[in-house]
């Protein structure tokens, strides 16, 4: 087997502003695993949060190459993925890219889809959330209307600015049937989270992702008990 990869840029259609930064592009690494002329594909994207820059991704893949190419065939590598997962527990993006490439390759060799390979239920469609970055409420509402018109049914609203309540209300008014998710990226305190979630209760928010900084499960439990 042969393991190789290439880097390519992922420019965003428009900059995404969140509570801790503004992002205009990211870099992706396309991972390819080839055996007997058949290639499986996977991908990992750079992430500051996961400490995955291009240098570290490249170093991890370089270290994996002799181990991966030492397997007799992709099926043997697939069977040993749990052991590789333990070694890559601090780099889930790289593990995901390798996992995808292995399953894609095994499926292609068998002439079946990955869905059939893993015996997963067949789906014709799957809902995906589109993220609305920080900005004025009117701009968030305009984005929501455009997304709903394009067929999106789940909207994730970035939070952590001073106008969170007004933005959520504006999006709800613009997209009355959409499922709404909130993501402050850890910008709230536990007390502020409870206040703001009470304030937007009428907007029927489905879920909140990372309301407080990571590493404080007691704060999450307190929010859950207070809500």
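Of everything in region 1-30 that is surrounded by 15 or more Cβ atoms within 10 Å (Cβ to Cβ) and in contact (Cβ under 8 Å) with a residue 40 or more places away in the chain, the residue that is farthest from residue 158 (Cα to Cα) is 1.
Only one of the listed residues (107, 133) is surrounded by 11 or more Cβ atoms within 10 Å (Cβ to Cβ) and outside the structural domain of residue 32 (by TED's automatic domain parsing). That residue is 133. Got a number for residues in region 191-215 being touching a residue at least 24 places away in the same chain (Cβ under 8 Å), over 21 Å from residue 140 (Cα atoms) and either over 25 Å from the mean Cα position of the chain (by Cα) or surrounded by fewer than 17 Cβ atoms within 10 Å (Cβ to Cβ) (or both)? The qualifying residues number 3.
Here residue 145 fits the description: part of a helix (DSSP H, G or I), in the same structural domain as residue 182 (by TED's automatic domain parsing) and touching a residue at least 12 places away in the same chain (Cβ under 8 Å).
Residues that are buried (at least 18 other Cβ atoms within 10 Å of the Cβ) and either without any contact (Cβ under 8 Å) to a residue 60 or more places away in the chain or out of contact with any strand residue (DSSP E or B) (no Cβ under 6 Å at 6 or more places or on another chain) (or both) within region 157-168 comprise 157, 160, 164, 167, 168, listed in sequence order.
For residue 138, the requirement of being outside the structural domain of residue 72 (by TED's automatic domain parsing), surrounded by fewer than 19 Cβ atoms within 10 Å (Cβ to Cβ) and more than 30 Å from residue 36 (Cα to Cα) is met.
Selection of region 173-182 for residues being surrounded by fewer than 21 Cβ atoms within 10 Å (Cβ to Cβ) and either in contact with a strand residue (DSSP E or B) (Cβ under 7 Å, 6 or more places away or on another chain) or within 21 Å of residue 215 (Cα to Cα) (or both) yields 178, 179, 181. Only one of the numbered conditions (1) surrounded by fewer than 18 Cβ atoms within 10 Å (Cβ to Cβ); (2) over 18 Å from the mean Cα position of the chain (by Cα); (3) closer than 29 Å to residue 120 by Cβ; (4) touching a residue at least 12 places away in the same chain (Cβ under 8 Å) is not met by residue 77, and that is (1). For region 92-100, state whether one or more residues are without any contact (Cβ under 8 Å) to a residue 24 or more places away in the chain and under 11 Å from residue 1 (Cβ atoms). Within region 92-100 (the criterion being without any contact (Cβ under 8 Å) to a residue 24 or more places away in the chain and under 11 Å from residue 1 (Cβ atoms)), the answer is no, since none of the residues qualifies. Within region 188-209, being assigned to a loop (DSSP other than H, G, I, E, B), within 15 Å of residue 19 (Cα to Cα) and touching a helix residue (DSSP H, G or I) at 6+ places or on another chain (Cβ under 9 Å) holds for 188, 189.
In this structure, does residue 33 turn out to be closer than 29 Å to residue 77 by Cα and in contact (Cβ under 8 Å) with a residue 24 or more places away in the chain? Criteria met by residue 33.
The values are calculated or read from the model by the stated rules, or taken from the named source; none is laboratory data. For clarity, every value in this text was computed on a predicted model and none was experimentally measured. Virtual Cβ from ideal backbone geometry, glycine too; neighbours counted across all protein chains shown.
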